[in-house]
Amino acid sequence: MNRSARPLLLKGGTVVDPARGLFAKADVLLRDGVVAAVERGLALTTAEVIDCRGLFVVPGLVDMHVHLREPGLEDKETIVSGTRAAARGGFTSIACKANTGQFVDNEAAVEYVRAIAELRGLVNVFPIAALTAGLASEGLAPLHELREAGAVALSDDGHPVRRAGLLLNALKYARDVGFLVISHAEDTALSGEGVFSAGPWSTAAGLEPIHAEAEEVGTARDILVAARADVPLHVDHVSTARSVESVRDAKRRDFDVSAEATPHHFCLDQSMLESPFDPNTKVNPPIRGAADRKAVIAGLRDGTLEIIASDHAPHTEAEKSQPYQHAPFGIVGLETTLGLTLTHLVEPGHLSFGEAVEKLSTNPARRLGLAGRGTLFPGSAADVTVVDRTRRWTVDPKSFASKGVNTPFSGWKLVGRAACTIVGGRLVMADGELVEG
Ligand SMILES: [Zn+2]
């Protein structure tokens, strides 16, 4: 990424920086790749001025759950297309998972992702490497080498670690190397070949069901094993009431557990699906029932779920055009997460705007240990998202920068989106248009 030579002055906006407890009208000066000042009445004749009147200036959003697909599955998404999607969605930093075509379970793959992102990516990319070699749950990946290469966390996401004993050992090694471990909680003996949430729909359609217990047993197991190892754990895509309760209980016991919710789990339940067997709604964990969705929202409200992440999982149209049971799991989210959060959590009053910023920036940056990100404290990285909370727009997959158009939110009317995305002091997106070169 080229660093902007010219300072940027964001004038007249409302600055919301939860890390500092700041919610006030102020100007923000970005210079030499860092936040130089946050004050009222700033002026600098050499700066390029961005008029932020009526807009909210927040620390650059951080999505800690993204599937970029490269190296190996570039027909679904590349580092370039994925970072363009991130910029359009207001994300300045993304952490990408290891289940690419050629797994990110070795030094060379981590270095490859970082190098391509640095050279051609529009936003910051932080690779999450595999915990076990080949995500196969048989032996550990080379954790020291992965750390040296610059991975920020470890996860076999897409798969759970199948044996609890291996997970226990892996967690201890990860702690010694200084890695956060991220759990895709699922008992595959219970989920089996399931494709659809267990219930009347799966029975009526004759689809193999996914029982909620598959996630709930996995969540409970991973939390208990992490507590036994006395190691921090982050739980991906929490989607059922009992999984939320497991995380809440762990926090009450002072276990170092964090957890995230995705927009598709807090916006959708089965009763809301117009075409329940549209493969664009097929995701793992699956869209659940109304009580589970309410529990996820309650978890977001009371802080049990302190992070919102997209689980952006692009697939080709050909793959998603197959019959439901054969289509791959996953939906895209980088370009809709902010709008869905503002429209379906902030507008109805489940979260304040500041709490939404915390869950989309402050907390994921802190949990991943991304120093100098997730805040606008002077000296921090000049990563900023300017949010227009009143902008009305309709989700149109044809406008996506992502190669993936597999979204269940096509045609949804949302209020609020990113007006500008600024990475390292450089404007990369303005009013929905990417700024490249
Ligand atoms: Zn997962």
Checklist entry - Between residues in the range 143-161 that are on the phi < 0 side of the Ramachandran plot and residues that are open to solvent by less than 10 Å² (accessible area, probe 1.4 Å) and charged (D, E, K, R), which pairs lie under 7 Å by C-beta distance while being six or more apart or on different chains? => result SER155/LYS97; ASP157/LYS97; ASP157/ASP236
Checklist entry - Within the range 144-166, which residues are open to solvent by less than 10 Å² (accessible area, probe 1.4 Å) and of a type outside the set (S, T, N, Q)? => result LEU146, ALA149, ALA151, ALA153, LEU154, ASP156, ASP157, PRO160
Checklist entry - Looking at the range 252-265, which of its residues are under 25 Å from VAL66 (Cβ atoms) and in a helix (DSSP H, G or I)? => result PRO263, HIS264, HIS265
Item to check | So ASP269, is it out of contact with any helix residue (DSSP H, G or I) (no Cβ under 7 Å at 6 or more places or on another chain) and acidic (Asp, Glu) | outcome: no
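Every residue, every condition in (1) of a type in the set (D, E, K, R); (2) within 16 Å of the ligand (Cβ to nearest atom); (3) closer than 12 Å to ASP63 by Cβ; (4) open to solvent by less than 50 Å² (accessible area, probe 1.4 Å), yes or no:
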{"residue": "LEU305", "(1), (2), (3), (4)": "no, yes, no, yes"}
{"residue": "ALA318", "(1), (2), (3), (4)": "no, no, no, no"}
{"residue": "GLN325", "(1), (2), (3), (4)": "no, no, no, no"}
{"residue": "GLY339", "(1), (2), (3), (4)": "no, no, no, yes"}
{"residue": "LEU351", "(1), (2), (3), (4)": "no, no, no, yes"}
{"residue": "GLY369", "(1), (2), (3), (4)": "no, no, no, no"}
{"residue": "THR385", "(1), (2), (3), (4)": "no, no, yes, yes"}
{"residue": "THR394", "(1), (2), (3), (4)": "no, no, no, no"}
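Considering only residues that are within 13 Å of the ligand (Cβ to nearest atom), in contact with a helix residue (DSSP H, G or I) (Cβ under 8 Å, 6 or more places away or on another chain) and either open to solvent by 10 Å² or more (accessible area, probe 1.4 Å) or of a type outside the set (A, V, I, L, M, F, W, C) (or both), which ones fall in the range 232-259? Before the answer, list the steps.
Pass one, the range 232-259, residues within 13 Å of the ligand (Cβ to nearest atom): 234-239, 243, 259.
Imposing the further condition that a residue be in contact with a helix residue (DSSP H, G or I) (Cβ under 8 Å, 6 or more places away or on another chain) reduces the set to 234-235, 237-239, 243, 259.
Passing the criteria: HIS234, HIS237, SER239, SER243.
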Item to check | Condition met for ALA226 (part of a helix (DSSP H, G or I), more than 16 Å from the ligand (Cβ to nearest atom), modelled with pLDDT under 95 and out of contact with any Ser or Thr (no Cβ under 6 Å at 6 or more places or on another chain)) | outcome: no
Checklist entry - Since THR203 meets every condition but one in (1) in contact (Cβ under 8 Å) with a residue 12 or more places away in the chain; (2) out of contact with any helix residue (DSSP H, G or I) (no Cβ under 7 Å at 6 or more places or on another chain); (3) in a helix (DSSP H, G or I), which condition does it not meet? => result (1)
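Could you tell me whether any residue of the range 200-221 is more than 16 Å from the ligand (Cβ to nearest atom) and buried (at least 24 other Cβ atoms within 10 Å of the Cβ)? It would help to see each step written out before you state the result.
Our first condition is that a residue be more than 16 Å from the ligand (Cβ to nearest atom); within the range 200-221, this holds for 200-209, 211, 213, 220.
Then keep just the ones that are buried (at least 24 other Cβ atoms within 10 Å of the Cβ); that gives none.
Taking every residue of the range 200-221 in turn, none turns out to be more than 16 Å from the ligand (Cβ to nearest atom) and buried (at least 24 other Cβ atoms within 10 Å of the Cβ).
Every residue, every condition in (1) buried (at least 24 other Cβ atoms within 10 Å of the Cβ); (2) within 16 Å of the ligand (Cβ to nearest atom); (3) not hydroxyl-bearing (Ser, Thr, Tyr), yes or no:
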residue	(1), (2), (3)
HIS265	yes, yes, yes
PRO276	no, no, yes
VAL283	no, yes, yes
ALA291	no, no, yes
VAL296	yes, yes, yes
SER310	yes, yes, no
ALA313	yes, yes, yes
Checklist entry - How about the range 48-70: which of its residues are open to solvent by 10 Å² or more (accessible area, probe 1.4 Å) and away from the ligand (no atom under 16 Å from the Cβ)? => result GLU48, VAL49, ILE50, ASP51, ARG53, GLY54, LEU55, PHE56, GLU70
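Determine which member of the set ALA19, ALA5 is part of a loop (DSSP other than H, G, I, E, B) and open to solvent by 40 Å² or more (accessible area, probe 1.4 Å).
On the way: ALA19 fails: part of a loop (DSSP other than H, G, I, E, B).
When all the criteria are applied, what remains is ALA5.
If we only count helices (runs of 4 or more DSSP H) wholly inside the range 101-196, which ones have 1 or more residues that are more than 15 Å from the ligand (Cβ to nearest atom) and among the basic types (Lys, Arg)?
Details: elements: 107-120, 143-149, 164-177, 188-191.
Correct list: 107-120, 143-149, 164-177.
Restricting attention to the range 22-47, report how many residues are loosely packed, with under 14 Cβ neighbours inside 10 Å and closer than 26 Å to ILE94 by Cβ.
Going through the range 22-47 one residue at a time, the tally reaches 1.
The values are calculated or read from the model by the stated rules, or taken from the named source; none is laboratory data. Worth saying up front: this structure is predicted, and the values here are computed from it rather than measured. Every residue, glycine among them, receives a Cβ derived from its backbone with ideal geometry; neighbour counts consider all protein chains shown. Just the protein is used for accessible areas: all its heavy atoms, side chains included, with ligands, DNA and RNA removed. Shrake-Rupley method; radii C 1.70, N 1.55, O 1.52, S 1.80 Å.
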